[in-house]
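The values are calculated or read from the model by the stated rules, or taken from the named source; none is laboratory data. Since we're looking at a predicted model, the values are computed, not measured. Here the Cβ positions follow ideal geometry from the backbone for every residue, glycine too, while neighbour counts run over all protein chains shown.
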Amino acid sequence: MIKKLSLFISIILFGSAFGQKDKEVLQKQNADLKKQISSLNATLNQTKQESKLSISYLNAVNQKLTLREKVYTNTQKEKRFIEDDIYRRQLEINKNNRELEVLRKNYAEILVKAYKTKGVQNKVTFILSSRNIGEALSRIEYLKRYSEYQDKKAAEISNKANEIKKNIALKKKSVSEKDNLLLSQKKDLATIEIERKQKQDLLNEFKKNEARLTAEIRQKQVQSKDLERQIRNIIAEEIRLAKAKEEAERKAEAERKRLADIAAKKEKERIEAENRKKLADAEAERKRAEAELKRANELAAKKLEEEKKLAETNKAVERKAAAEKATREAAERAKAANDKVVAAKANEAAINKKNEDAKDEAEKKVMKSYGVGSTVGSNFADNKGRISFPVEKGSVTHRFGRQPHPVFKNIIEDNIGIKIAVSPGTKARCVFPGVVSSIQSINGSRTVVVKHGNYFTVYSNLATTLVKANQQVSAGTLIGEVGSDFDESITLDFQIWNGENPVDPLGWVSY
């Protein structure tokens, strides 16, 4: 039973360490959530002059309510961790009390036993009654250890009592934390109820103004379609001009290539003529070396044959030595002749390589002078997912594609880009290097189209523009100040086109 109890307490203590860690994580999360709530409150206060009947305002209220509910949920979890901690502390206190009771009982038994053992009480008599000096020393050591044992048991009782005090203090601290947390929860619940009512009031306001707002939304959709047609025309014209330029460039490239080929051919012929005599001389030198090698090899073979004959006929030693010498000399001449052939061939190969290298270099030089093969492309597509966001800070209120309106479900939106709600005074910025293709003023707001090779980015609903047509722009170049929408919210309409097809910007930008 004691073993099972110890195991149970060990498991609880093991869980305590993890519980403490989880509690700290929750507290950190709550601190971050409260910062976000504070930021949203600041944004809502900053935009209080705008119409509250805007999707961006409703989104901010919704987001704040969601964060509040997350804080409340985390607080509930934190409360459970504190309750678990209180329970664990109480178990520890109970365990410590039981251990203290056992220690006190054991210590009392030691004192009773010591009292009954008179020899131990009268230490001097106990030592002097020893039979010899050895026994006396043993009794002194025994008394010393017995005294230390008593002190140790007394210290254990004191430590255990201090441990109980410490656990009681920690339990009281946890109880106080729980009380504070319950008070905080009560305030959070009251705030959540207030904000839920604010949200409901806002939705009621939307409902009350549904006729006016839906009419404005439909009018805005008509304007958006008109803007889409104009953007399509702008992009189609850009693509037509690009194709015409590409075709003209292709023809010019072909003509440059033709002229360059003629010039390169002439230059190659000149180099070929200059090197022809060198090649002929090298070839003649190689042939002379080969003939000399042949004669040397024949002479060496003849001398070797003579040497063999002398050896067979056992003629005089002197004549044999002379024959061997002649054979060695013939072999050396043959080797020298062979080296000459190798050198002649290497020379001939070097001249040939130099000739080919000179012709290749001449061709490259001519092609470069005629401007052949000098076009470059865009790398917009290579940076998909890493392209910068068009504003420093903002929240997406309307996403790409066909979907119901966030409030009025009977209205279907068909967005070819995204809408980003921002603070007043926010400036849109270019997301990638390119060239300003067009600046249009449509329905009182401005639209800037930037070309990035085969891709285009579109920045609409601008109050002012800070760029000019045909201007080279970089990532981060300020395009213009974002203007207000029909519901008086400050909203940027942002689009990305792949040729004549709009694509979802959230698949391209880093958001």
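Scanning the stretch 141-160 for residues that are surrounded by 11 or more Cβ atoms within 10 Å (Cβ to Cβ), at pLDDT below 75 and not aromatic (Phe, Trp, Tyr) yields Leu143, Ser147, Gln150, Lys153, Ala154. Criterion applied to Leu462, Leu478, Leu492 was being surrounded by fewer than 16 Cβ atoms within 10 Å (Cβ to Cβ) and within 14 Å of Val422 (Cβ to Cβ), and the one residue passing it is Leu478.
Condition check ((1) touching a residue at least 24 places away in the same chain (Cβ under 8 Å); (2) under 30 Å from Leu492 (Cα atoms)) across all residues:
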site	(1), (2)
Gln200	no, yes
Gln219	yes, yes
Ala236	yes, yes
Ile239	yes, yes
Lys243	no, no
Arg250	no, no
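Would you check if Ile82 is of a type in the set (Val, Ile, Thr) and at pLDDT below 65? No. Here Ile231 meets the list (1) under 30 Å from Ile86 (Cβ atoms); (2) at pLDDT 80 or above almost entirely, failing just condition (1). Within the stretch 445-490, the residues that satisfy the criterion of being in a strand (DSSP E or B), polar (S, T, N, Q) and within 16 Å of Asn233 (Cα to Cα) are Thr447, Thr457, Ser460.
Considering Gln76, Gln46, the condition of being at pLDDT below 75 and surrounded by fewer than 20 Cβ atoms within 10 Å (Cβ to Cβ) is satisfied by Gln46 alone.
Yes/no matrix, rows are residues, columns are (1) under 24 Å from Asn383 (Cβ atoms); (2) aliphatic (A, V, I, L, M):
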| site | (1), (2) |
| --- | --- |
| Gly453 | yes, no |
| Phe456 | yes, no |
| Ala463 | no, yes |
| Val467 | yes, yes |
| Asn470 | yes, no |
| Ile479 | yes, yes |
| Ser489 | no, no |
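Which condition number in (1) modelled with pLDDT of 85 or more; (2) over 25 Å from Lys225 (Cα atoms); (3) not aromatic (Phe, Trp, Tyr) is the one that Gly371 fails? (1) is the only condition that Gly371 fails.
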